[in-house]
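Colleague: Sharing a structure below in structure tokens format, with a few things to ask.
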Amino acid sequence: MTTIGIHDLALATAHHVVDLSELATDRGVDPGKYLTGLGQTSMSFPAPDEDIVTMGATAARTLLHRTGTDQVRWLLFATESGVDQSKSAAVYAHRLLDLPSHVRAVEFKQACYAGTAALQAALGIVARNPHDQVLVITSDVARYALNSSGEPTQGAGAVAMLVSANPGLLEIEPISGVATRDVDDFWRPNDASTAVVDGRLSVAAYIDSLMLAWDDYAARGGKPVDQIDRFVYHQPFTRMAVKAHLALARHTGMPGDTAAMGAGLEYNRLLGNSYTASLYAGLAALLDSDTTLAGQRIGLFSYGSGSVGEFFTGVVQPGYDRTWHHQATADALAARSPLSVSAYEKLHAVALPSDTDADTPHVTAGPYRFAGIENQARRYESTV
Ligand code: CAA
């Protein structure tokens, strides 16, 4: 039988980084709250010439250099931080990546869940046409108001995945558990560049969604919990994933410790929240750090406020070896340029560029940049 799943994946992040100990000190908060209480060490922050398109295209460029593009027929771009109300970020990325015109391009939205919706759609496309491959890009800039409780949970990152038949990395199994409920825990009105959030409600809604999704998964004939070897969760902040795992342990009777989470928190602790990319950055961290996972089943929980949650599983494929990615990602994270708190605040105050003509300064060291706005249209350019 043909297996379908994630053939390969690659991660990218933004040019700058903000140290959360420094932010805590500036905000008059004990750094332990951010470092231990939220489980975050730093957060990526984009340069003025970076956004979801440049980060997403950068992740996809790394991926496609390894896999090629011959069988790619779709580009599905998932994001909460879209740059236009009509034109999809996928079309901008399509041009930057020099994809052929026969590759369709479209954007998916449902807060942080949209990456999983795109992945599920990709699995269906490949099931119908097993020769086709689907490029899924998840990319987000998480922005909350300055001095708000959400501020230390900002971040930026992108993960690109190639979905294909006979995948090299992770076969996605067909049974999913889903929980969709109308909840006002986090949203972003059309005229706002930062999210509106009821933090406490959002934490409770995330946990409720996980329980509902798990129960649906179990009712649909999903694997017993003792046949799931590792767990990866959406990580708005890494302690949220720990809380989720412990709640699932209480709900299912699995061991009440975090051993099954492996090193899956490692990247997000440094990136911050990357909304649609967060779960898949967690998957990358897990796979990149452990060479013994072949044949093991990973449970994944995706949560998007508003809200949609989904629990599903994948089986790691024999022959996967991502140890060198670990160093490459560690190097990319270490190469970020630190921002002082005051420099970060200045950049934060520049909301999304206005619709007047404007050129952006060249800051990013990445292969693509947002060059500015001309006649109200966004201009992107390749720097390589
Ligand atoms: N040392 C160690 N720990 C400390 C501490 C210290 N000095 N001071 C406080 N803490 C601990 C607290 O005990 C608490 O831990 P527990 O939850 O385990 O008790 C933790 O630090 C956080 O403290 P508070 O709950 O008091 O923090 P807060 O209320 O100021 O902010 C938050 C927390 C509400 C989650 C806020 O960061 C926020 O609004 N974030 C954005 C929303 C979000 O991320 N929601 C997550 C679910 S929604 C989702 O997943 C979708 C998405 O991506 C947005």
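Colleague: Show me, for the range 308-319, the HN-Hα J-couplings you get by feeding each phi into the Karplus relation (A = 6.51, B = -1.76, C = 1.60, θ = phi - 60°), rounded to Hz, glycine and proline as x.
Modeller: My calculation for the range 308-319 gives 9, x, 8, 10, 8, 10, x, 10, 5, 8, x, x Hz in order.
Colleague: Let me ask something additional. Among the DSSP beta bridges whose two residues both lie in the chain, what percent are antiparallel, rounded to the nearest 5?
Modeller: Around 75 percent antiparallel, to the nearest 5.
Colleague: Moving to a separate point now. Kirkwood hydrodynamic radius, computed over distinct alpha-carbon pairs, for the chain: how many Å, to one decimal?
Modeller: Computed over the chain, the radius equals 20.6 Å.
Colleague: In addition: Using 0.36 nm times the number of residues separating Thr258 and Asp98, minus their current alpha carbon distance, what extension gain do you get? Walk me through the intermediate numbers first.
Modeller: Values: separation 160, 0.36 × 160 = 57.60 nm, distance 4.26 nm.
Result: 53.3 nm gained on full extension.
Colleague: Let me ask something additional. Take every Cα pair under 8 Å in the range 171-316 that's 6+ residues apart, average their separations, divide by the length, and report that relative contact order as a whole percent.
Modeller: Rounded, it is 37 percent for the range 171-316.
Colleague: If you don't mind, there's one more thing I want to ask. I want to verify a result. In a Gaussian network model of the chain, Cα cutoff 10 Å, which of these has the top mean-square fluctuation: Leu339, Leu201, Leu293?
Modeller: Of the options given, Leu201 has the highest mean-square fluctuation.
Colleague: Report the full-extension gain for the segment Ala377 to Thr180: residue separation times 0.36 nm, less the Cα-Cα distance, to one decimal in nm.
Modeller: 67.4 nm
Colleague: Moving on. Which whole-angstrom value gives the distance between the alpha carbon centres of the range 301-370 and the range 1-72?
Modeller: The distance from the Cα centre of the range 301-370 to that of the range 1-72 comes to 3 Å.
Colleague: Moving on. With helices defined as uninterrupted DSSP H runs, which ones in the chain have an alpha carbon span along their own long axis of at least 18 Å and mean Kyte-Doolittle hydropathy of at least -0.5?
Modeller: 52-67, 114-128, 199-219, 238-252
Colleague: Next question, about the same structure. Just name one of Thr258, Ala284, Phe231: the one whose Cα is farthest towards the positive end of the charge dipole of the range 171-316 (beta-carbon charges, Lys/Arg +1, Asp/Glu -1).
Modeller: Checked the options; the winner is Thr258.
Each reported figure results from applying straightforward, stated rules to the coordinates on display, with no laboratory input. It should be emphasised that the depicted structure is a prediction, and the values quoted were computed from it without experimental measurement. Glycine also receives a Cβ, built like all others from the backbone with ideal geometry; neighbour counts cover every protein chain displayed.
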